[in-house]
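Visitor: What follows is a structure written as structure tokens; I'll ask about it next.
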Amino acid sequence: MASGHMPQPGAGPTIVPQPSPRDAGVIAFTAHNVIYADLDEDWIRSRLPDGDLSAPLNPPFLRELEERTGRRVSSIDLLALAAPCVGPPPIELVEVTDAAHPRVRRARRYRDDVRVWTCRGGLLVIGRGVAGRWEVAIEVDSASRGRGLGRALARASRHVSTHPLWAQIAPGNAASVRTFLAAGFVPIGAEALLVPPSRSEGMLHD
């Protein structure tokens with residue numbers, strides 16, 4: 001998908017093993033679903049009504065996945081994608097390189113090859129997430145919201161990365177959705193991550 005080739009609509013779902021012990025879940029694209037979990041394929045297909053393209057992200061199927069895997073669906077996120085940009089970022093960033101920094105430790109629970117930048121009132125995190133894709137997350141302090149900092153951080157992520165970037169955004173967080181759209185991210189699907197209960201608390205959201 002990051003290369004610009006979307007799954008063919010209609011045929012599916014595509015069922016694949018987990019890309020790592022950490023990551024399991026469901027991604028819904030336009031008229032096509034991808035389920036990545038270390039479960040029997042026949043069992044998965046037996047739980048999905050024929051021709052119901054919405055079923056993989058609906059609560060009944062997700063509950064069965066939770067029970068079968070012993071994991072929890074933390075949320076169903078909008079997936080958005082953006083290409084890298086040339087030139088310096090639009091705001092001044094300071095990279096945090098101390099591995100003991102609490103933000104770095106926290107990010108490494110969910111991603112590999114993590115890099116963290118800070119600025120006054122905000123935080124930018126980039127790391128390799130599901131299937132090795134490069135993911136971005138931002139945080140803006142409450143006192144700094146409403147001033148365009150989130151949009152600047154999201155845009156800056158495209159300047160500090162040389163890879164296409166994925167953003168997982170809670171659909172109900174309309175401000176965050178607008179922020180990433182304004183920074184050039186394009187919605188391409190939705191995703192439900194299945195995480196172990198110990199990881200479902202305090203996850204880093206955009």
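The values are calculated or read from the model by the stated rules, or taken from the named source; none is laboratory data. If you're wondering where the values come from, they're calculated on a predicted model, not measured in any experiment. Counting neighbours? That spans all protein chains shown, and the Cβs are built from the backbone with ideal geometry, glycine included. Surface areas here come from the heavy atoms of the whole protein model, side chains and all, with no ligands, DNA or RNA. Shrake-Rupley method; radii C 1.70, N 1.55, O 1.52, S 1.80 Å.
Visitor: Can you work out which of the residues in the range 88-107 that are charged (D, E, K, R) and surrounded by 15 or more Cβ atoms within 10 Å (Cβ to Cβ) is nearest to the chain's Cα centre (by Cα)?
Guide: Arg106
Visitor: Identify the residue in the range 64-87 that is within 11 Å of Ala192 (Cβ to Cβ) and assigned to a helix (DSSP H, G or I) and, among all such residues, is most open to solvent (accessible area, probe 1.4 Å).
Guide: So the residue we want is Glu66.
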